[in-house]
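Participant: Dumping the structure here so I can ask a few things about it.
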Amino acid sequence: MYRIFNKNSLGAFIMLPILLLIYRIRLISNPTLGMAANDADLYTPIWNATLGHITMGSTLSIAVAIGLTFLTLLIVNNTYASYRFSRNVTFLPACVFIILSSGFVIGQGLHPVLVFVIFYAIGMHRLFEVIRPDAKPYRYCFEAMINISIGSLFWAKGLWLVPLMIVSAGMLKVLGIRTLGCMLWGLLAPWVIVGTLAYVTDDLEAFIESYEQSLVVPVAFYKTWMMGKTFLLVYGAVLFLSIISAMRNSVSLSTWQSRMVRVIIWMVIYPSVLIISPYFSFEVQILVATGGAGLVSVWLQRQKRQLVSEIVLTLFTLFTLTMQWII
């Protein structure tokens, strides 16, 4: 596993959709498993006007969900490659993203979060542009927030990620009155435009009510038995070890790289904390995977012996695949 994906080659790229499909075998064999996390109250008018027409549990919904996930992993991998977050430009972050985002089958089906996470990944990519010497922070902060705003039109709960974006700008040492104003304008602009269209069509009241309900509606609560808790324990242990490794090695990095590490660590911690609230469920796993992909990849690459990385990644892959048929 490690030797296959820890390289920048056509073979490694071809293996990505194969690995993704392997993790979707159970969902494909029983499409209704991916419907459990869906709730009609979560659907926004923009979602209903676009992908909301697709029947949940259908072959098309599975294909769209896989396509959206694949697009996201390419964006995530490109982000870590563009800013040299890892030692080498490889497809390892994309591989780890597939593993981390596929933990529970219940979160693999078509869901508004799959659209939001694409804009979330693009937004973080644009925010990291501030590390370039000739960068204009206010411009990239605006672009980062406008992506989050557009994504939240599909999944209203994405607005809960706004504090993370603002704090991330602060950790990158670019947050000021001007950049904060640009971020707020980027947040409001898409909503003002869509709200204006709703007002023109006399649907403003229904528009506000729909998004307000989508933002604060509690999601279904799922209990996991012993094997599910075992999976979460191993899942959390891998992320915890990668975070500790990143913190220990941040002292040897450049100033900008060290700041990026802090942001990515919070990209794992913040969504993980959100799942404790009654407003989030297993759909958060793909948000955690966005940051976890980079941290776990670097942790594996920093192992002194490549054999250790190979064993850890292979065992973690086999473990998560097996658990999909148990939990």
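Participant: So if R0 is 30 Å, what FRET efficiency would W191 and R302 give, r being the distance between their Cβ atoms, rounded to the nearest 0.05?
Facilitator: 0.10
Participant: Still on this structure, please answer the following. Given a 1.4 Å probe and the protein chains all in place, what does the accessible area of R139 round to, in Å² to the nearest 10?
Facilitator: 110
Participant: If the convex hull of the alpha-carbon atoms of region 86-129 is projected onto planes in all directions, what is the mean projected area in square nanometres?
Facilitator: 3.9
Participant: Not counting ligands, DNA or RNA, and with a 1.4 Å probe, what is Y140's accessible surface area in Å² rounded to the nearest 10?
Facilitator: Accessible area, nearest 10 Å²: 30 Å².
Participant: Evaluate E = 1/(1 + (r/R0)^6) for M171 and S58, where r is the Cβ-Cβ distance and R0 equals 51 Å; express this FRET efficiency to the nearest 0.05.
Facilitator: 0.75
Participant: Nearest 500 deg cm²/dmol is fine: what mean residue ellipticity at 222 nm does the chain get from its DSSP H runs of n ≥ 4 alone, each adding -39,500 (n - 2.57), divided by its residue count?
Facilitator: -22000 deg cm²/dmol
Participant: Let me ask you something else. 7 Å from Cα along Cα→Cβ at both N48 and T322: what's the point-to-point distance in nm?
Facilitator: Taking the simple label geometry, N48 and T322 are separated by 4.5 nm.
Participant: What is the spread of the Cα atoms of region 230-320 along each of their three principal axes, largest first, in whole Å?
Facilitator: Reported extents, whole Å, longest axis first: 41, 35, 15.
Participant: Next question, about the same structure. Lysine pairs, Cα distance under 30 Å, 8 or more residues apart or cross-chain: how many in the chain?
Facilitator: So the count works out to 6.
Participant: On to the next question. Can you tell me which of I244, I131, I177 moves the most in a GNM of the chain? Springs connect C-alpha atoms under 10 Å apart.
Facilitator: I177
Participant: Tell me, how many Å apart are the Cα centres for region 196-275 and for region 99-149?
Facilitator: Taking the Cα centre of each part, region 196-275 and region 99-149 sit 11 Å apart.
Participant: Given a 1.4 Å probe and every protein chain left where it sits, what share in percent of the accessible area of the chain is carbon and sulfur?
Facilitator: On the way: 10010 of 14710 Å².
Exposed carbon and sulfur together represent 68 percent of the surface.
Participant: Here's something else I'd like to know. Over the residues of the chain, compute the C-alpha Rg and express it relative to 2.2 N^0.38 Å.
Facilitator: Its radius of gyration relative to the 2.2 N^0.38 Å reference: 0.98.
Participant: Shifting gears a bit: Starting from the Cα of L21, step 7 Å along the direction of its Cβ; do the same at L315; then give the gap between the two resulting points in nm.
Facilitator: With each label placed 7 Å out from Cα toward Cβ, I get 3.0 nm.
Participant: Is the shape of region 17-122 best called rounded, prolate or oblate, per the rule: a/c under 1.5 gives rounded, else a/b larger than b/c gives prolate, else oblate, with a ≥ b ≥ c the square roots of the Cα gyration tensor eigenvalues?
Facilitator: oblate
Participant: With an 8 Å cut-off on Cα pairs and a minimum separation of 6 or more residues, tell me the relative contact order of the chain in percent.
Facilitator: Relative CO of the chain lands at 24 percent.
Participant: If packing is taken as the mean number of other Cβ atoms within 10 Å per residue, what is the order of 13-22, 93-102, highest first?
Facilitator: Ranking, from highest mean packing down: 93-102, 13-22.
Participant: In terms of the Cα gyration tensor, with a ≥ b ≥ c the square roots of its eigenvalues, is region 42-195 rounded because a/c is under 1.5, prolate because a/b exceeds b/c, or oblate?
Facilitator: oblate
Participant: If you rank R248, R178, R262 by how much accessible surface each has, with a 1.4 Å probe, what is the order from largest down?
Facilitator: R248, R178, R262
Participant: Turning to a different aspect of this structure: Given a Förster radius of 22 Å and the C-beta distance between L233 and I275 as r, what FRET efficiency does 1/(1 + (r/R0)^6) yield to the nearest 0.05?
Facilitator: 0.90
Participant: Sort 202-213, 265-276, 104-115 by the packing proxy (mean of other Cβ within 10 Å over each peptide's residues), most packed first.
Facilitator: For the peptides 202-213, 265-276, 104-115, the packing ranking is 104-115, 265-276, 202-213.
Participant: Can you give me the accessible area per residue for the chain, using a 1.4 Å probe, in Å²?
Facilitator: Values: 14710 Å² over 327 residues.
In whole numbers, the chain has 45 Å² accessible per residue.
The values are calculated or read from the model by the stated rules, or taken from the named source; none is laboratory data. Worth saying up front: this structure is predicted, and the values here are computed from it rather than measured. Note that each Cβ is placed from the backbone with ideal geometry, even for glycine, and that neighbours are counted across all protein chains shown. In case anyone asks, the SASA skips ligands and DNA or RNA and just uses the protein heavy atoms, side chains included. Shrake-Rupley method; radii C 1.70, N 1.55, O 1.52, S 1.80 Å.
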